[in-house]
Amino acid sequence: AFFAGRADAFGVSVSLRSPPRPLRHRSLASTQMAETTADLGTRIGGAVASFIVESPVYPTMVKKAQQTMKDTAALGGIDWDEEVEKLEKLGGWDEALESVTGVPNWTPDQLPDYFKQKFHAYGEGNLCWQAAKEQLVAGKAVGVRNFPMYGAGGEDHMRGKFESTIQRMGAFVEDGGLIVDLGCGTGTSTRRLAAAYPEAKEVVGVDLSPYFIAVARRLADAPSLLSATEQEVSGRVRYEWGDATKTGLEDGSASLVSLCLMIHEMPAAETEVLFKEAYRLLKPGGSLAIMEMDPESPGFTRLQQNPFIFSLIRSTEPFLGEYFALASSPELSDMLQRSGFNAIRRMACTGRHYSLVAVKGGEADCRFKAGAEYGAPDFYGEADTHM
């Protein structure tokens, strides 16, 4: 709901009807002026965001935003509290966390400082049960907000666009291949990748929050909380607690590495480290697939031009301004190239998101991919029988 660019989620109302940002084909002078204005708005927004978070009215604003999310979910026929209660009833959560961390009474002292920020207005950010247990229903609510015409299927539509666009851009997996889903959260993207690529032998989800991984693993043991498709693929999915920038997984082992709505939650410097890790994990010819918010889309362009509203959003997403600056400049592509990728393709995914595929040099031999192997019907729909 926050990313719909609606300030009324926080209990205020401010118009976003400002003039559109100059397009890239306009004069250099006008483009530079627009970029200077956007940079000023970003810096002002950062200062205002810090002020808002420390303000005594911030808790009230957060409660208003949380209620707006619940109301949005209800518009799609989704009962937020009921969805969370289903997870709560599974029980055994302390044991689940200990099975992930390996120690009782775990504390996040050793985690990087950036990951301890108050993401999404949770007091402990991604390092608490509330964030982990609400992630599934929050994703559904955002889907309803962004794609109201699909109701409860809005999230499915949005994620389906990512999967279809990366496949159109050449992100494929050979029979028996490995997919690594970095920043997997509670596993929605991981399970969907397993369904989108049935030829993959295994899909590994990695996340730095042990709470998210604990929920993902418990869901695997609670088929009643998963769709029929998710239940079907669960046997090919596993979840690992770890840092996406240093996974410890084998060099050159993956056919596909996915980053779905992750890099806007990292400092730019960490993003480049993440790209290098993805490159290390990939086989020659393998692909890195990214879905992210597009700061150059019309909606997000208007959002950035209103420092007040942008600062409200940034109060829940500490690195959003840094990410927007990165993604709207050549630096994102430069980072990928410095990391070793030599072919980068990007296309619109939704009205506010892009999909990107970056390919590691080398050959990916898919002659024996299911449905395309020798002996299968050729492109004309007939078996090759002339020999």
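The values are calculated or read from the model by the stated rules, or taken from the named source; none is laboratory data. Only a predicted model underlies this, so the values are computations on that prediction, with no experimental measurement involved. Positions of Cβ are backbone-derived with ideal geometry, glycine not excepted, and every protein chain shown enters the neighbour counts. When the accessible area is computed, the model is the full protein with side chains, heavy atoms only, and any ligands, DNA or RNA have been set aside. Shrake-Rupley method; radii C 1.70, N 1.55, O 1.52, S 1.80 Å.
Quick notes on this one:
- Lone qualifier among Ala121, Ala132 - being over 17 Å from Arg217 (Cα atoms), buried (at least 19 other Cβ atoms within 10 Å of the Cβ) and under 20 Å from the mean Cα position of the chain (by Cα): Ala121
- Annotation note: of Ala195, Ala200, the sole residue that is of a type in the set (A, V, I, L, M), in contact (Cβ under 8 Å) with a residue 12 or more places away in the chain, in contact with a strand residue (DSSP E or B) (Cβ under 9 Å, 6 or more places away or on another chain) and within 16 Å of Cys260 (Cβ to Cβ) is Ala200.
- Looking only at residues in region 342-372 that are surrounded by fewer than 16 Cβ atoms within 10 Å (Cβ to Cβ) and closer than 15 Å to Met293 by Cβ, the one that is modelled with the lowest pLDDT is Gly351.
- All conditions but one from (1) under 20 Å from Phe115 (Cα atoms); (2) of a type in the set (Phe, Trp, Tyr); (3) in a helix (DSSP H, G or I) apply to Tyr239; the one that does not is (3).
- Within region 271-299, the set of residues being open to solvent by 20 Å² or more (accessible area, probe 1.4 Å), outside any helix (DSSP H, G or I) and not acidic (Asp, Glu) comprises Lys283, Pro284.
- Filtered residue count, region 168-190, keeping only those that are crowded, with 24+ Cβ neighbours inside 10 Å and out of contact with any Asp or Glu (no Cβ under 7 Å at 6 or more places or on another chain): 7
- Within the span defined as region 223-235, every residue fails to be in a loop (DSSP other than H, G, I, E, B), open to solvent by 20 Å² or more (accessible area, probe 1.4 Å) and modelled with pLDDT of 95 or more.
- Taking the numbered list (1) within 27 Å of Leu249 (Cβ to Cβ); (2) in a helix (DSSP H, G or I); (3) open to solvent by 30 Å² or more (accessible area, probe 1.4 Å); (4) in contact (Cβ under 8 Å) with a residue 60 or more places away in the chain in turn, Ser164 passes all entries but (4).
- Residue list for region 260-274, filter: under 16 Å from Phe341 (Cβ atoms) and either of a type outside the set (A, V, I, L, M, F, W, C) or touching an Asp or Glu at 6+ places or on another chain (Cβ under 8 Å) (or both): Ile263, Thr271, Glu272
- In region 207-218, the residue that is farthest from Arg367 (Cα to Cα) out of those that are surrounded by 24 or more Cβ atoms within 10 Å (Cβ to Cβ) and not charged (D, E, K, R) is Tyr211.
- Residue that is nearest to Val100 (Cα to Cα) [pool: residues in region 249-270 that are open to solvent by less than 70 Å² (accessible area, probe 1.4 Å) and part of a loop (DSSP other than H, G, I, E, B)]: Leu249
- Checking Ala171 against (1) modelled with pLDDT of 95 or more; (2) in a helix (DSSP H, G or I), the condition it does not meet: (2)
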